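The block underneath contains the structure these notes are about, expressed in structure tokens.
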Amino acid sequence: MAGAPARVVNGTGQGRQQRGRALLPPEKLGAVLAPVDLVWARLERSGAHRIVEAAARSALKAVESFAGRADAPQVLADRLARRLSEQLRTGGPITDPVGWLLARGLPQR
């Protein structure tokens with residue numbers, strides 16, 4: 001079926017879904033990164049995916065320390081949604097998706 005999601009079954013991306021050529025975030029981070037799915041889709045290299053995944057996991061751990069494990073994914077997702085909204089309202093388009101996620105989207109202020 002054209003356009004249907006496919007599973008990657010071997011290699012370093014094992015367990016990840018693909019839609020076309022763009023990898024989806026790992027299931028555990030899918031809800032957290034959902035607000036920035038269009039930014040995620042612009043990550044072109046697997047190394048960029050790994051860097052952002054590691055940063056997202058680290059940010060999630062930090063949020064867990066004050067929000068608790070149950071609420072942390074939603075708190076971080078809300079942060080990403082707010083920051084993306086701010087960026088689009090005042091800063092214009094994101095020209096460097098990895099840099100934006102690492103420097104603006106994920107870190108606690």
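Figures for the structure shown
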read-out: R50/T90 FRET efficiency (R0 25 Å; Cβ-Cβ; nearest 0.05); value: 0.25
read-out: Alpha carbon Rg of the stretch 26-105, scaled by the compact-globule rule 2.2 N^0.38 Å; value: 1.04
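Since every read-out is calculated from the coordinates, none of them should be taken as a lab result. Predicted model, so just to flag it, every value in this text is computed and none were measured. FYI the Cβ positions are ideal-geometry reconstructions off the backbone, even for glycines, and counts take in every protein chain you see.
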